[in-house]
Amino acid sequence: MKKGDHLFLVDGSGYIFRAYHALPPLTRKSDGLPVGAVSGFCNMLWKLMRDARDTDVGITPTHFAVIFDYSSKTFRNELYAEYKANRSAPPDDLIPQFGLIREATRAFHLPCLEMEGFEADDLIATYCRLACEAGGDTTIISSDKDLMQLVGPTVSMYDPMKDRQIGIPEVIEKWGVPPEKMIDLQALTGDSIDNVPGVPGIGPKTAAQLLEQFGDLDTLLERAAEIKQEKRRQSIIDNAEKARISRDLVRLKNDVPVTEGFDDLVLQPPDGPRLISFLKGMEFNSLTRRVAEATGADASAIGAASIRVQHGAEAHGPDLEPAAPSGPAAEAHYAKPGETGPSPATLAQARAEAASTVRIDDRKYDCIRDLATLNEWIAEARETGFMSFRTESTSLDPMRAELVGVALALRPGRAAYVPLGHRSSADDLLGAGRVDNQVALEDALAALKPLLTDPSVLKVGHDFKYDWLLLSRHGIDVAPIDDTMLISYVLGANTGAHTLEALAERWFGHFMIPFKDIVGSGRNLVTFDLVDVERATTYATEGADIAMRVWQVLKPRLATNGLVSVYERLERPLVPVLARMEERGISVDRQMLSRLSGEFAQRAAALEEDVYQAAGERFTIGSPKQLGDILFGKMGLPGGSKTKSGQWSTTAQLLEELAAEGHELPRRIVDWRQITKLKSTYTDALPEYINPDTRRLHTSYALASTPTGRISSSEPNLQNIPIRTAEGRRIRTAFIAEKGNKLISADYSQIELRVLAHIADIPQLRQAFADGVDIHAMTASEMFGVPVEGMPSEVRRRAKAINFGIIYGISAFGLANQLSIERSEAGDYIKRYFERFPGIRDYMESRKQMARDRGYVETIFGRRIHYPEIRASNPSIRAFNERASINAPIQGSAADIIRRAMIRMDGALAKAGLSARMLLQVHDELVFETAEAEVEATLPVIREVMENAAMPAVSLAVPLRVDARAADNWDEAH
DNA sequence: AGGTTGACATA
DNA sequence: GTATGTCAACCTT
């Protein structure tokens, strides 16, 4: 145990009683064994071990122990014979659960601690003290007030049933005294359940008030005569001794001679098969499934442990049970590791082998041509509990696609295709007719819908957003799902492509049938409905089969790499969210774009004439090659650098410099390029994307196209709509709300710099963000010693460029380029920046080192970004990877934060009874459309979700700020 | 017809 | 200096 370590101590005995009374009674189906408390206990443990980041604890434990009472006789009975004397025997249906909960603890591979003569609370107090002395933090999993005396700067409590953290402020709020006075408070109030006498007539409110007045119990008893209220005064004087005894009873003993050291408490990865065996034996089916999924174990291959009602010692109650470890009889109920099932790692390997051993050449693919056969497959899928699934359709655009067929696979080599909308292509001239022997689309969907929405059947797909959206258009919201593309992406975002074809090749050396071979290309291109059913079957089933095989190989790797939570919290839930955003689309003013296009055309034509005039000849202005020859060859202007292909460089920056020297032509070229860019990419292209049915623009988001976790937008790209220039912003005004509605734009202010301030822990930056001051001005002031008041804009501009440079993994070369200054001067700036903010240099060095040591860096939520080339011998490749390693945790953490906001947004809006719809995401901005009347109610909900998006998994050291505004068009809303 | 390059739009 | 996507021109097949 060292600084930064975090110990979780579960108050096992306390939990049992609380769960028994709080949770609905539950009995094991097969024999009526009462298991309600055990079930709650197991769910709680699993949540703590797997998902502590996303509970209110917000922290992943490094050490873990579950602590129980040993017996009813403790040292307290020596102090006070009546202690706990009026406790009645536990209810009959709770008794067998005491032993089961200890078994559960061991099945979870967690230390199970108890000690004769001491209560669980004393052990907890002792470990709290030891952890604190070793520099570690502790979280006590309990809400028992008896433990609140332990809360302090390094110790907090967590109520697992209310998902609530209890720290010093919460104790004060609840009891009116800080944790260190809890002992005195309890000494005064007593406890009827434990038969601690206390002072009659003194309750928590009075006790708190007295302690506030006198400071502590001893002083109070000494000066009791000063108490004004007569009855109260008398009671305290009469019961002073009882209060002292009570204090000794409630004060926890923090020097129990414990036998287990922290080395014994290091949190072990769960032993999947053993745990599953236990859970199956208990018949906790949904938890079994979750555990199997997370650990990559195959639950169906693991036998259930035989767990019987225990007789003998345990049947008499919790306090008579022998000390841990329990006898061999209990132990024998478990599958030992390696006996019934392998560890996740070996299982992963076995699966990979199995998936590759069923030779892809030997596959047997079915074509389902009647409803009865389809229903047989559906029944088999229900039995299996998981399946891979894909759609075939007439378009790559899921908003325009017509469903042509569906394919499913149940295990490697066993897949089927259901043709639904195939048409014969060549047989007559009157147009294609429907192919015979196909299940009617409506019948097939009606049969499939219960399966596709069955919560106990996992649907595996590749790039499932496409299929999900297509089916959503038919009224089916598929759930639950897994996406092999996203699993592969989480495992290694920039370690290769994540198309199904690429994965088939990478993992199985198998080359899939190219889509082109099925639908042709160029003038021979046909839609999938015209592909003959046999070829379609081969193609579609191969896809489903390969997705199933890839899933079996990759899914377990999430668990062995500790990436389950990234996948489940940041990737998988985004699939339906983005699908809905794509489906909604956004309205654009076609007329406005058309008018703009005409205007741009005229201006471009006029500029073209000017250019030809100045150049003395007509040439293709859009050709950098021809332009370079004119400018630097014919006209002899001072050319700058060459591009890598030996061409003259004609970038806007260079042309601007020439223009500044008074040359007319470069100025015209820059203007012409801007106008023609706006025209071709926006005013001309966007209207072409308007969907004729919805009359809206539907982009497509790519979830797995960036290494950092950002999403990208294409066809059309709505993440690069112009904003910088006045001309460009006119295009933005064409993005509008429907009549009676408004667009809302909500964007994070300086999210990346805030993330940097958090990760690198820079005091000045944290302070500046806490104070809400101008961050670039603060940087300038810090660096150049210029006061913020009356700062020249040029000074601030430089500081701003440096701040951005830092985020991008600054180099003197890049900064010099950006600011058009000498490289040496840029180098001086960087040097000075590092002197002022040494934490930034440390951050940069540590990310580079991490990438070199481990091959990857990570975001604050655990997403990994791999940089295998960081050790390249080529200095420029190496430097590039170093800069990317510095940038990725910043860009990636910001991307993760907005992902979390998006995942929560629809639910938050619905919960608030609002009808706002999220339409677009632009990296740090979300765009919504909502009814005009709801705007004011909607803005705070959006801000709330976005500003708290990191919580509770990560508590940022700086606040997040969101600016949100509503208007009729995107330009005014932003 | 399809791929590459240089330019430029965004965060 | 990070991360994208799209366009026109140009080159290869």
So, in the range A:569-591, how many residues would count as being out of contact with any helix residue (DSSP H, G or I) (no Cβ under 8 Å at 6 or more places or on another chain) and either polar (S, T, N, Q) or closer than 15 Å to A:Thr484 by Cα (or both)? 2
Of (1) under 21 Å from A:Ala894 (Cα atoms); (2) within 16 Å of DNA strand C (Cβ to nearest atom); (3) open to solvent by less than 60 Å² (accessible area, probe 1.4 Å); (4) not charged (D, E, K, R), A:Ala799 satisfies all except one. Which? (1)
Count of the range A:620-640 residues which are open to solvent by 20 Å² or more (accessible area, probe 1.4 Å) and either without any contact (Cβ under 8 Å) to a residue 12 or more places away in the chain or not in a loop (DSSP other than H, G, I, E, B) (or both): 10
All helices (runs of 4 or more DSSP H) inside the range A:81-187 with 1 or more residues being open to solvent by less than 40 Å² (accessible area, probe 1.4 Å) and touching a residue at least 40 places away in the same chain (Cβ under 8 Å): A:95-107, A:120-133
Read through the list (1) closer than 21 Å to A:Glu609 by Cβ; (2) assigned to a helix (DSSP H, G or I); (3) of a type in the set (Val, Ile, Thr), then give the number of the only condition that A:Thr650 fails. (2)
A:Leu410 - would you say it is over 17 Å from A:Ile518 (Cα atoms) and in contact with a strand residue (DSSP E or B) (Cβ under 9 Å, 6 or more places away or on another chain)? yes
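Which of the helices (runs of 4 or more DSSP H) found entirely inside the range A:435-507 contain at least 3 residues meeting this: open to solvent by 40 Å² or more (accessible area, probe 1.4 Å)?
Of the helices (runs of 4 or more DSSP H) lying wholly inside the range A:435-507, those with at least 3 residues that are open to solvent by 40 Å² or more (accessible area, probe 1.4 Å) span A:441-452.
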Condition set closer than 17 Å to A:Val611 by Cβ and within 10 Å of DNA strand B (Cβ to nearest atom), scope the range A:653-665, selection most open to solvent (accessible area, probe 1.4 Å): answer is A:Glu656
Of the residues in the range A:612-629, those that are within 13 Å of DNA strand C (Cβ to nearest atom) and not small (Gly, Ala, Ser) come to A:Arg618, A:Phe619, A:Thr620, A:Ile621, A:Pro624, A:Lys625, A:Gln626, A:Leu627, A:Asp629
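Kindly indicate which of A:Gly616, A:Gly622 is over 46 Å from the mean Cα position of the chain (by Cα) and either away from DNA strand B (no atom under 14 Å from the Cβ) or not assigned by TED's automatic domain parsing to the domain that holds A:Ala734 (or both).
The match here is A:Gly616.
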What do you reckon, is A:Thr650 within 16 Å of DNA strand B (Cβ to nearest atom), polar (S, T, N, Q) and surrounded by 18 or more Cβ atoms within 10 Å (Cβ to Cβ)? yes
Just one of (1) closer than 23 Å to A:Ser749 by Cα; (2) within 16 Å of DNA strand B (Cβ to nearest atom) trips up A:Arg798, so point out which. (2)
Options A:Gly385, A:Gly421, A:Gly405, A:Gly413: the member that is open to solvent by 10 Å² or more (accessible area, probe 1.4 Å) and at pLDDT 95 or above: A:Gly421
Take the conditions farther than 30 Å from A:Ala416 by Cβ, touching a Phe, Trp or Tyr at 6+ places or on another chain (Cβ under 9 Å) and open to solvent by less than 10 Å² (accessible area, probe 1.4 Å) and apply them to A:Ile546. Does it pass? no
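Going by what's in this entry, would A:Gly261 be described as under 30 Å from A:Met1 (Cβ atoms), assigned by TED's automatic domain parsing to the domain that holds A:Asp92 and modelled with pLDDT under 85?
no
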Report, by residue number, each residue of the range A:664-715 that is within 30 Å of A:Ile898 (Cα to Cα) and away from DNA strand C (no atom under 13 Å from the Cβ). A:Ile690, A:Asn691, A:Thr694, A:Arg695, A:Arg696
Residue under evaluation A:Thr681, criteria (1) farther than 25 Å from A:Gly585 by Cα; (2) surrounded by fewer than 17 Cβ atoms within 10 Å (Cβ to Cβ); (3) within 16 Å of DNA strand B (Cβ to nearest atom), criterion not met: (1)
Checking A:Gly562, A:Gly585, A:Gly616 in turn, the sole residue that is more than 17 Å from A:Phe464 (Cβ to Cβ) and surrounded by 19 or more Cβ atoms within 10 Å (Cβ to Cβ) turns out to be A:Gly585
Out of all the residues in the range A:514-525, which are open to solvent by 40 Å² or more (accessible area, probe 1.4 Å) and either under 40 Å from the mean Cα position of the chain (by Cα) or acidic (Asp, Glu) (or both)? A:Pro514, A:Phe515, A:Lys516, A:Asp517, A:Ser521
Considering only residues of the range A:490-529 that are without any contact (Cβ under 8 Å) to a residue 12 or more places away in the chain and among the hydrophobic types (A, V, I, L, M, F, W, C), which is nearest to DNA strand C (Cβ to nearest atom)? A:Ala497
Taking only the range A:271-283 into account, find how many residues are more than 10 Å from A:Phe108 (Cα to Cα) and open to solvent by 20 Å² or more (accessible area, probe 1.4 Å). 2
With the condition being basic (Lys, Arg) and either without any contact (Cβ under 8 Å) to a residue 12 or more places away in the chain or open to solvent by less than 60 Å² (accessible area, probe 1.4 Å) (or both), I'd like the strands (runs of 3 or more DSSP E) fully within the range A:684-792 carrying at least 1 qualifying residues. A:741-748
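The values are calculated or read from the model by the stated rules, or taken from the named source; none is laboratory data. Bear in mind the structure is a predicted one, so any value in this text is a computation, not a measurement. Don't worry about glycine lacking a Cβ; one is built from the backbone with ideal geometry, like all the others, and counts go over all protein chains shown. Calculation scope for accessible area: heavy atoms of the full protein, side chains included, ligands and nucleic acids excluded. Shrake-Rupley method; radii C 1.70, N 1.55, O 1.52, S 1.80 Å.
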